[in-house]
Amino acid sequence: MKFKKKILCIGAGYVGGPSMAMIAYKCPDYKITVVDINQERIDAWNSSQLPVYEPGLDKIIKMCRGKNLFFSKDIKNQIKENDIIFVSVNTPTKTYGAGADMAADLQYVEKTARQILKYSQSSKIVIEKSTLPVKTALAMEKILSSAKGKIKFEILSNPEFLAEGTAVSDLENPDRVLIGSRETKSGLKARARLIEIYSRWVPLNKIMTSNIWSCELSKLVANAFLAQRVSSINSISALCEKTDADINEVANAVGMDSRIGNKFLNAGIGFGGSCFKKDILNLVYLCNYYNLREVASYWESVVKINQYQQERFIANILHTMFGTLAGKKICILGFAFKANTSDTRESPAIYISQKLLAEHAEINISDPRALNNAEIDLSGVKGKISYIEDPYKAAAGCHALVILTDWDLYRKLDFRKIYISMVKPAFLFDGRNVIDRKKCHSIGFNIYVIGKRALTHF
Ligand SMILES: NC(=O)c1ccc[n+]([C@@H]2O[C@H](COP(=O)([O-])OP(=O)(O)OC[C@H]3O[C@@H](n4cnc5c(N)ncnc54)[C@H](O)[C@@H]3O)[C@@H](O)[C@H]2O)c1
């Protein structure tokens, strides 16, 4: 079949895989290829066991793979063959040298730009899909403009706003698609070519365009605002616990104000995932770089509250269980950083598990999708850990249940059955506000929910 357009994506991760699958699904006359340096990842995308769990993704992949969606390791030839290239490689927090623990590590982006430069034999549009510090496009431009002869590269910014767990519906019905370009004739022409792709399924009034720097910065700011809401409500949950106010009632009352809105106001043990912390730290780094100290410290406090919330949760478990966890068995329900994903990057469950093990507790970890990643995250950590998918088996014989992910299945558990199988007094620490606390209390549990008065039998 002769395809109308050929598109390449470099980086087959949580963003590259699903976002390209959506383009392939919506544009059957386009050929989409996704490449990666990680062979295992590409093999997994080509298998029945996809490397990423997202509701609805396997169906789309099955429909498109081998028809107009291809996963390949041949980066060199794919760069040669395609003239629209998305860059969706990882941009983790730098762990070394200047800006360590703050700045974004741009080595993968730069290597990708150099690969594109090396293998290109024709002009191309290069689209930043990774989340990048403002002004990264300038570095990309500088590298790519060293191309010899008539080859020209136009850089666009098109940050991805999908949320893990709802990636497919976010991609299918995005709140907005943001496209930034240089406001030159060639920049605007490249912008129009990208609009043409998205307009196949996204209404034009949701496709926003801007200058490239606003576009790069908007993504960082959007994540910072989302994380700030989480930290804001979490900070108030601490006050609720001291004053007998109920965080859900407060959140409902506050969220009814149409200027504030009711989304993203669930108190819990804090945000995880690969993006929020790294993007805020990156924002903090940028503010410091431009000598905006007050702005930097404002945003830094969002990360501090997130850490505080987890420490507070652990301290409460330790204090409640009579000051010692040594030899006690604790069942962790949920290891993914949020429901409906297998992703555990920066999951609060990692830190909380480590702390429980440091107190010499034994832990049984249960999660419907994330146990493989949990084992990787905790490999090398000292202590007794069991990984048990069935929550009932994981809870049997434990002194406490600790809910760390808001999987829907935890709302529907038979807590009476679980209670019977546990050591008494049985404790239940709900870090995600998912249980019916009065019902669980009446079963016999001592209940501790973030932002609510404890319900105990003591
Ligand atoms: N995960 C999310 O929810 C999300 C949402 C929006 C934006 N983002 C941003 O998107 C970017 C990618 O995130 P992700 O979660 O998909 O990361 P990821 O780690 O899952 O995937 C990145 C992939 O890029 C590959 N890669 C790195 N260097 C490469 C190179 N030179 N050539 C080919 N492949 C290379 C890696 O092997 C990896 O498979 C990040 O900047 C992130 O901040 C992520």
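The values are calculated or read from the model by the stated rules, or taken from the named source; none is laboratory data. Model, not experiment: these values are computed from the prediction. As a convention, Cβ positions derive from the backbone with ideal geometry for all residues, glycine included, and neighbour counts pool all protein chains shown.
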Query raised in the report: Only one of (1) in contact with an Asp or Glu (Cβ under 9 Å, 6 or more places away or on another chain); (2) in a helix (DSSP H, G or I) is not met by Ser297, so which one is it?
Result: (1)
Report summary line: If we keep only residues of region 1-51 that are aromatic (Phe, Trp, Tyr) and farther than 18 Å from Glu164 by Cβ, then the residue nearest to the ligand (Cβ to nearest atom) is Tyr25
Query raised in the report: Of Ser379, Ser386, which residue is surrounded by fewer than 21 Cβ atoms within 10 Å (Cβ to Cβ) and in a strand (DSSP E or B)?
Result: Ser386
Query raised in the report: Would a scan of region 368-389 turn up a residue that is among the basic types (Lys, Arg) and without any contact (Cβ under 8 Å) to a residue 12 or more places away in the chain?
Result: no
Requested in this report: Name the helices (runs of 4 or more DSSP H) wholly inside region 130-221 in which the number of residues that are within 14 Å of the ligand (Cβ to nearest atom) and closer than 18 Å to Glu110 by Cα is 3 or more.
Outcome: 136-144
Report task. Working carefully through the options Leu413, Leu428, find the one that is part of a loop (DSSP other than H, G, I, E, B), aliphatic (A, V, I, L, M) and out of contact with any His (no Cβ under 8 Å at 6 or more places or on another chain). Result -> Leu413
Query raised in the report: in contact with a Ser or Thr (Cβ under 6 Å, 6 or more places away or on another chain) and in the same structural domain as Cys331 (by TED's automatic domain parsing) - does that describe any residue in region 379-391?
Result: yes
Report task. Could you list all residues from region 303-352 that are assigned to a loop (DSSP other than H, G, I, E, B) and within 16 Å of the ligand (Cβ to nearest atom)? Result -> Ala336, Phe337, Lys338, Ala339, Asn340, Thr341, Ser342, Asp343, Thr344, Arg345, Glu346, Ser347
Query raised in the report: Which one of the conditions (1) at negative phi; (2) more than 14 Å from the ligand (Cβ to nearest atom) does Gly56 fail to meet, given that it meets all the rest?
Result: (1)
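So that you can scan it fast, the table gives a plain yes or no per residue for (1) within 19 Å of Ile10 (Cβ to Cβ); (2) of a type in the set (Lys, Arg); (3) surrounded by fewer than 19 Cβ atoms within 10 Å (Cβ to Cβ):
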residue: Ala137; (1), (2), (3): yes, no, no
residue: Glu141; (1), (2), (3): yes, no, yes
residue: Ala147; (1), (2), (3): yes, no, yes
residue: Glu172; (1), (2), (3): no, no, yes
residue: Glu196; (1), (2), (3): no, no, yes
Report task. Just need a number here: residues in region 37-54 that are within 16 Å of Ser88 (Cα to Cα) and either crowded, with 17+ Cβ neighbours inside 10 Å or modelled with pLDDT under 95 (or both). Result -> 5
Report summary line: Those residues of region 123-142 that are modelled with pLDDT under 95 and more than 25 Å from Ser274 (Cα to Cα) come to a total of 2
Query raised in the report: So which pairs qualify, if the first residue must be in region 163-182 and of a type in the set (Val, Ile, Thr), the second must be within 12 Å of the ligand (Cβ to nearest atom), the Cβ gap must be under 6 Å, and the two must be at least 6 apart or on different chains?
Result: Val168/Glu54; Ile179/Asn158
Report task. Kindly provide the set of residues from region 431-443 that are in a loop (DSSP other than H, G, I, E, B) and surrounded by 17 or more Cβ atoms within 10 Å (Cβ to Cβ), ordered by number. Result -> Gly431, Arg432, Asn433, Val434, Ile435
Query raised in the report: On the given criteria, is Ala349 modelled with pLDDT of 95 or more, surrounded by fewer than 16 Cβ atoms within 10 Å (Cβ to Cβ) and in the same structural domain as Lys278 (by TED's automatic domain parsing)?
Result: no
Query raised in the report: Do the conditions hold for Glu128, that is, is it acidic (Asp, Glu) and surrounded by fewer than 21 Cβ atoms within 10 Å (Cβ to Cβ)?
Result: no
Query raised in the report: Taking the stated definitions as given, is Ser88 within 16 Å of the ligand (Cβ to nearest atom), under 21 Å from Ser157 (Cβ atoms) and small (Gly, Ala, Ser)?
Result: yes
Requested in this report: Would you please name the residue that is nearest to the ligand (Cβ to nearest atom), looking only at residues in region 119-129 that are in contact with a strand residue (DSSP E or B) (Cβ under 6 Å, 6 or more places away or on another chain) and not in a loop (DSSP other than H, G, I, E, B)?
Outcome: Glu128
Requested in this report: Looking at (1) at pLDDT 95 or above; (2) surrounded by fewer than 18 Cβ atoms within 10 Å (Cβ to Cβ); (3) not β-branched (Val, Ile, Thr), find the lone condition where His399 falls short.
Outcome: (2)
**Report entry** Filter pass, Ile75 being more than 12 Å from the ligand (Cβ to nearest atom) and either buried (at least 16 other Cβ atoms within 10 Å of the Cβ) or touching a residue at least 24 places away in the same chain (Cβ under 8 Å) (or both)
**Finding:** no
Requested in this report: Would you point out the residue of region 236-279, among those that are of a type in the set (Ser, Thr, Tyr) and not in a loop (DSSP other than H, G, I, E, B), that is surrounded by the most Cβ atoms within 10 Å (Cβ to Cβ)?
Outcome: Ser237
